[in-house]
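Submitted below is the structure of interest, expressed as structure tokens.
The values are calculated or read from the model by the stated rules, or taken from the named source; none is laboratory data. Source: prediction; values computed, not measured. Heads up, the Cβs are rebuilt from the backbone with ideal geometry, glycines too, and the neighbour counts pull from every protein chain shown. All accessible areas refer to the heavy atoms of the entire protein, side chains included, with ligands and DNA or RNA removed. Shrake-Rupley method; radii C 1.70, N 1.55, O 1.52, S 1.80 Å.
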Amino acid sequence: MLAGYAVHVEHSRGRRFPETQHPYRNDFQRDRDRVIHARAFRRLEAKTQVFTRRYSDHFRNRLTHTLEVSQISRTIAGALGLNVDLAEALALVHDIGHPPFGHAGEKALDTAMRRHGLSFDHNLHALRIVGDFEQRYAAFRGLNLTFEVREGIIKHSRDYHAREHPELAEYLLDQRPPLEAQLIDLTDEIAYNTADLDDGYEAHLLSLEEIRGGVPVFDGFYREVAEIYPAAPDKLKFNEALKRMINRLVGDLITNTQTRLQAAGVQTLDDVRRHGERLAAFSPAVGAERRQTKDFLYENLYFSPALADEKDDAERVVGELFAFWMEHPEALPHNYQTKAKEANESLPRVICDYIAGMTDNFIFEQYEKHCGAA
């Protein structure tokens with residue numbers, strides 16, 4: 001049973017190109033399946049989350065991170081009476097627009113575009129992927145996803161304004177997104193904050209003592225676990241403490257969102273859309289713990305000297321390849337050369353689209369081919 005404020009699939013605003021109803025899958029389930037079968041989704045397996053494979057094959061990549069976000073999102077959506085199929089589709093598609101090399105690649109691509117008066121935004125790029133770049137169907141370009149999934153791609157993590165992005169006006173930019181979309185940015189943080197502690201510890205870039213000293217909520221759970229399992233190896237105590245930390249974040253997001261919905265008197269989806277702020281949120285106490293964890297990771301892991309060379313390499317490879325193709329557009333693949341000659345596509349945007357779709361391995365191959373050894 002769905003809550004009154006959930007998105008009901010039978011009330012979907014539909015697809016750009018009408019399609020016959022599937023006999024045993026609803027529209028959001030079909031969207032989920034289309035995302036999973038997309039080439040851009042498969043490429044996430046070879047895109048960096050935080051650690052490249054130089055450290056280990058066991059660490060998260062962009063695809064395994066996406067699957068973890070999906071699992072957490074389904075759990076929370078179900079507990080809140082939301083549309084689990086929509087939440088799952090949004091979780092699976094939320095990172096599909098990311099370029100190679102994680103956030104270092106995104107920063108470098110945006111920097112290159114700004115030299116030409118443009119920018120790169122992975123949410124906007126994701127919309128281009130699902131709306132145009134994926135070609136699997138004879139009847140239309142793109143995946144022809146429902147309005148609700150396309151809206152969630154745009155609005156799950158930030159608000160856009162029609163005056164700055166008139167091309168997005170159809171997505172109800174003056175209204176809040178549904179709760180299913182509001183959840184995704186928060187479940188994304190639950191997933192990467194805890195996973196990055198785990199991978200940082202496994203990579204020996206974060207010690208147990210550093211984590212316990214810098215993340216008090218983790219330390220509290222570790223002490224609790226040590227009393228229950230005093231003879232267990234440190235790694236298993238670590239795993240148990242991290243599991244409790246995830247449970248605290250998930251449980252708080254569920255209960256605090258329920259409290260906020262009740263306090264606001266929200267009964268319908270329209271109430272959610274017209275509320276003055278987003279309703280999905282952590283409590284103040286747990287929100288503070290989340291920020292503390294995030295600050296610890298930025299200070300001790302993301303900008304760690306051990307990762308600095310890889311970030312520098314990523315920014316150099318993206319920047320130099322971009323500059324090369326700006327000077328030598330004839331070296332682009334034929335289909336991208338054709339796009340660059342179309343009136344509605346600038347050369348910088350075409351190059352940006354090409355680079356953003358690459359995996360870590362492929363962009364290194366292109367760099368070696370056009371710019372020399374990486």
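Check off (1) on the phi < 0 side of the Ramachandran plot; (2) without any contact (Cβ under 8 Å) to a residue 24 or more places away in the chain for GLY117 and give me the number that stays unchecked.
(1)
Please determine whether any residue of segment 76-87 is in a helix (DSSP H, G or I), free of Cβ contacts under 8 Å to residues at least 24 places away in the same chain and in contact with a Gly (Cβ under 6 Å, 6 or more places away or on another chain).
At the first step, the residues of segment 76-87 found to be in a helix (DSSP H, G or I) are 76-79, 84-87.
Keeping just the survivors that are free of Cβ contacts under 8 Å to residues at least 24 places away in the same chain gives 78, 84.
Going one step further and asking which of them are in contact with a Gly (Cβ under 6 Å, 6 or more places away or on another chain), we end up with 84.
Yes.
Kindly indicate which of ASP270, ASP234 is exposed (fewer than 15 other Cβ atoms within 10 Å of the Cβ), more than 30 Å from ASP174 (Cα to Cα) and either in contact with a Ser or Thr (Cβ under 7 Å, 6 or more places away or on another chain) or modelled with pLDDT of 95 or more (or both). Lay out the reasoning, then the answer.
Working: ASP270 fails: more than 30 Å from ASP174 (Cα to Cα).
Going through ASP270, ASP234 in turn, just one is exposed (fewer than 15 other Cβ atoms within 10 Å of the Cβ), more than 30 Å from ASP174 (Cα to Cα) and either in contact with a Ser or Thr (Cβ under 7 Å, 6 or more places away or on another chain) or modelled with pLDDT of 95 or more (or both): ASP234.
Which count do you get for residues in segment 201-218 that are surrounded by fewer than 18 Cβ atoms within 10 Å (Cβ to Cβ) and under 24 Å from the mean Cα position of the chain (by Cα)? Working first, answer last.
Quick first cut of segment 201-218, residues surrounded by fewer than 18 Cβ atoms within 10 Å (Cβ to Cβ) only: 202, 204, 207-210, 212-213, 216.
Now narrow it down to the ones that are under 24 Å from the mean Cα position of the chain (by Cα): 202.
Of the residues in that region, 1 qualify.
Within segment 130-146, can you find the residues that are outside any loop (DSSP other than H, G, I, E, B) and either open to solvent by 10 Å² or more (accessible area, probe 1.4 Å) or at pLDDT below 95 (or both)? If you could, list the steps in order and put the result at the bottom.
Let us first name the residues in segment 130-146 that are outside any loop (DSSP other than H, G, I, E, B), namely 130-133.
Listed by number, the residues that qualify are GLY131, ASP132, PHE133.
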